[in-house]
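Student: I am attaching a structure below and will ask some questions about it afterwards.
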Amino acid sequence: MAIQPIDLSKLETKTSNIYEAVVVAGKRARKINDENRLEFNQLISTIIPAIEDEFEERGNPDQERISLQFEKLEKPHLRALNELVNNEIDYRYKDEE
């Protein structure tokens, strides 16, 4: 996977300071991670486990395919930072509610 540097000045223009940008992106990354985990667990729960021999350890090809598919997804923190840079995240201060 190639390293993609993020220009901090772009992040700073989206919020009042860089620390705020990190907090906003971090909260969005956690939400993305939770959504991915929920989707992964739902897909895995639909797979019927194969009957395994007591002495032979075999992997389930369907489970491995789903796991590899989720490993290839963009990492949550990178996706959150890209969403912030592209103005796809709406955030507000807690006091404004």
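Student: Please find, within the stretch 40-58, the residue that is modelled with the lowest pLDDT out of those that are loosely packed, with under 13 Cβ neighbours inside 10 Å and part of a helix (DSSP H, G or I). Steps first, please.
Tutor: Start the filter on the stretch 40-58 by keeping residues that are loosely packed, with under 13 Cβ neighbours inside 10 Å, which leaves 41-42, 45-46, 48-58.
The next check asks that each one be part of a helix (DSSP H, G or I); those that pass are 41-42, 45.
Details: N41: 92, Q42: 93, S45: 89.
Here the residue is S45.
Student: Here is a follow-up. Quickly run through the stretch 1-32 and pick out the residues that are among the charged types (D, E, K, R), more than 20 Å from the chain's Cα centre (by Cα) and surrounded by 14 or more Cβ atoms within 10 Å (Cβ to Cβ). Steps first, answer last, please.
Tutor: Filtering the stretch 1-32 for residues among the charged types (D, E, K, R) gives 7, 10, 12, 14, 20, 27-28, 30-31.
Then drop every residue that is not more than 20 Å from the chain's Cα centre (by Cα), which leaves 7, 10, 12, 14.
E12, K14, listed by residue number.
Student: Okay, moving on. Give the stretch 1-19 a look and list any residue that's among the acidic types (D, E) and outside any loop (DSSP other than H, G, I, E, B), or say none. Step through it out loud before you land on a result.
Tutor: So the first thing to find is which residues in the stretch 1-19 are among the acidic types (D, E), and the list is 7, 12.
E12 - this is the single residue of the stretch 1-19 that is among the acidic types (D, E) and outside any loop (DSSP other than H, G, I, E, B).
The values are calculated or read from the model by the stated rules, or taken from the named source; none is laboratory data. Owing to the predicted nature of the structure, the values given are computational and were not obtained by experimental measurement. Reconstructed Cβ throughout: ideal geometry from the backbone, glycine too, with neighbour counts over all protein chains shown.
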